[in-house]
Amino acid sequence: MSVYFLMANGFEEAEAVVPADLLRRAGADVKLALVADNASGPAAVTGSHGLMLLTDMLADNIDVKTADAIVLPGGTAGTAVLAASDTVLSLIEQAASNGRYICAICAAPSILGSMKLLEGRKATCYPSFSKYLTGSIYTGADVEKDDIFITAKAAGAAFSFGLKIVETLYGTAVSDKIKGEIFY
């Protein structure tokens, strides 16, 4: 399984690192894809609390047809960068058109809501961003899965979010195995 994390400066660290780790434990080919204007190649990206991660590639080079899922970590500043990126909006549209899983946590589901992709679907996000989930059925739950969309509330739901993605891609047995290994 190929999973691409769309990484922008200001991302919420736990919302990227925890799900990426859980997916790698499941066997996924996880790539951190840099979203930045004028980037010439993969580079470090800095989280909202100063943690720096090295990306694997540029988001511009993602071929959605090879992706099983794309993940949008939250963080107010990081989400603003993602929402302003034509590349990100195009990747989300392509993923939706091709039935790929689109996973977003904290502030990031607001991007899907603004694109009207969550209309009539159960969704969750950081409470102050719920106003952007246009036409969705906002639940306030830690994690919601509705069709190809997996949304999560905040950093505190990072493990539940990552495990829901693992369960969706690999099944309950793999998710349960990882839960046991990490004493979740």
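The values are calculated or read from the model by the stated rules, or taken from the named source; none is laboratory data. The shown structure was predicted, so the numbers you read here are calculated from the model rather than taken from an experiment. Please note: Cβ atoms are built from the backbone with ideal geometry, for glycine as well, and neighbour counts cover all protein chains shown. For the accessible areas, the whole protein counts, side chains as well, though only heavy atoms, and no ligand, DNA or RNA atoms are used. Shrake-Rupley method; radii C 1.70, N 1.55, O 1.52, S 1.80 Å.
Computed with every protein chain present, the accessible area of Glu12 is close to 40 Å² [probe 1.4 Å].
Within region 1-80, what percent of beta bridges assigned by DSSP are antiparallel, to the nearest 5?
Just about 20 percent of them are antiparallel.
Sorting Leu51, Leu118 by accessible area puts them as Leu51, Leu118; the probe is 1.4 Å, largest comes first, and only protein heavy atoms count. Straight-line reach from Lys131: which lysines have Cα under 29 Å away, leaving out those fewer than 8 places along the same chain? The reachable lysines, counting only those whose Cα sits under 29 Å from Lys131, are Lys116, Lys122, Lys145, Lys153, Lys164. Taking a Cβ cut-off of under 15 Å around Gly162, the surrounding Lys, Arg, Asp and Glu residues balance to a net charge of -3, with basic ones at +1 and acidic ones at -1. Straight-distance candidates among the lysines for linking to Lys65, with alpha-carbon spacing under 19 Å and chain neighbours fewer than 8 residues away dropped: Lys31. Go through Thr66, Leu91, Tyr101 and say which Cα lies farthest out towards the positive end of the charge dipole of region 25-101; charges sit on Cβ, +1 for Lys and Arg, -1 for Asp and Glu. Looking along the dipole axis, the top candidate is Tyr101. Only one of [x] 14.7, 43; [y] 16.1, 49; [z] 19.5, 60 was calculated from the structure for Rg and Dmax of the Cα atoms in Å, and its label is [x]. In a reduced charge model with +1 at each Lys and Arg Cβ and -1 at each Asp and Glu Cβ, the chain shows a dipole moment near 340 debye about its Cα centre. Dividing the alpha-carbon radius of gyration of region 21-71 by the rule-of-thumb value 2.2 N^0.38 Å gives 1.22. Cα convex hull, region 42-103: 84 Å³ per residue, rounded to a whole number.
In the chain, Cα pairs under 8 Å separated by at least six residues give a relative contact order of 22 percent.
At full extension, Ala84 and Lys177 could sit 29.7 nm farther apart than now, given 0.36 nm per residue minus the alpha carbon distance. Entry comment: accessible area of region 1-117 is 40 Å² per residue, from protein heavy atoms only and a probe of 1.4 Å. Around the Cα centre of region 12-65, unit charges on the Cβ atoms of Lys, Arg, Asp and Glu (plus for the first two, minus for the last two) sum to a dipole of about 200 debye. The gain in end-to-end length when the Gln94 to Asp21 segment is fully stretched comes to 23.7 nm, 0.36 nm per residue minus the alpha carbon separation.
Beta bridges per DSSP, both residues in the chain: antiparallel share near 25 percent. Out of the total accessible area of the chain (probe 1.4 Å, heavy atoms of protein only), what percent is carbon and sulfur? Carbon and sulfur together cover 50 percent of it.
Heavy-atom accessible surface of Asp56, to the nearest 10 Å², is about 70 Å², with a 1.4 Å probe and all protein chains retained.
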